[in-house]
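Let me begin by presenting the structure, written as structure tokens, before commenting on it.
The values are calculated or read from the model by the stated rules, or taken from the named source; none is laboratory data. From a predicted model like this one, the values you see are computed outputs, not experimental measurements. Glycine also receives a Cβ, built like all others from the backbone with ideal geometry; neighbour counts cover every protein chain displayed.
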């Protein structure tokens, strides 16, 4: 579906970046972090976007219950668990092999995102 449209505008599909976004959280206690940090943060984000996206004069959608968020769709776990899940995604989605074959001891070598102190 994408290839013909890129070709129409003389874009090289091999050089076209495909970007996806997914929540990723590595922890020594993922259950604790899901309950105390990640689910509440996602609940807040969803509720803010719901309020911002509501047309003037329309009722605001009901607040999201963090217990209903699909944790299985979020990469949260120990370093070994996360690496295995990313490797599984690579096989299914043809993702770049940034963590392929790495162990949890090497996980810190993957470029990291800024740390947010709140």
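Which ones in region 36-71 are surrounded by 14 or more Cβ atoms within 10 Å (Cβ to Cβ), over 16 Å from the mean Cα position of the chain (by Cα) and in a helix (DSSP H, G or I)? Once the filter is applied, which keeps residues that are surrounded by 14 or more Cβ atoms within 10 Å (Cβ to Cβ), over 16 Å from the mean Cα position of the chain (by Cα) and in a helix (DSSP H, G or I), region 36-71 yields 47, 50, 66.
Can you find even one residue in region 24-32 that is surrounded by fewer than 10 Cβ atoms within 10 Å (Cβ to Cβ) and touching a residue at least 40 places away in the same chain (Cβ under 8 Å)? Yes, region 24-32 contains at least one residue that is surrounded by fewer than 10 Cβ atoms within 10 Å (Cβ to Cβ) and touching a residue at least 40 places away in the same chain (Cβ under 8 Å). Somewhere in region 75-90, is a residue modelled with pLDDT of 50 or more, exposed (fewer than 10 other Cβ atoms within 10 Å of the Cβ) and more than 15 Å from the chain's Cα centre (by Cα)? The answer is no, given that none of the residues of region 75-90 is modelled with pLDDT of 50 or more, exposed (fewer than 10 other Cβ atoms within 10 Å of the Cβ) and more than 15 Å from the chain's Cα centre (by Cα).
Among the residues making up region 1-23, those that are over 14 Å from the mean Cα position of the chain (by Cα) and surrounded by 10 or more Cβ atoms within 10 Å (Cβ to Cβ) are 2, 3, 5, 6, 7, 11, 13, 16.
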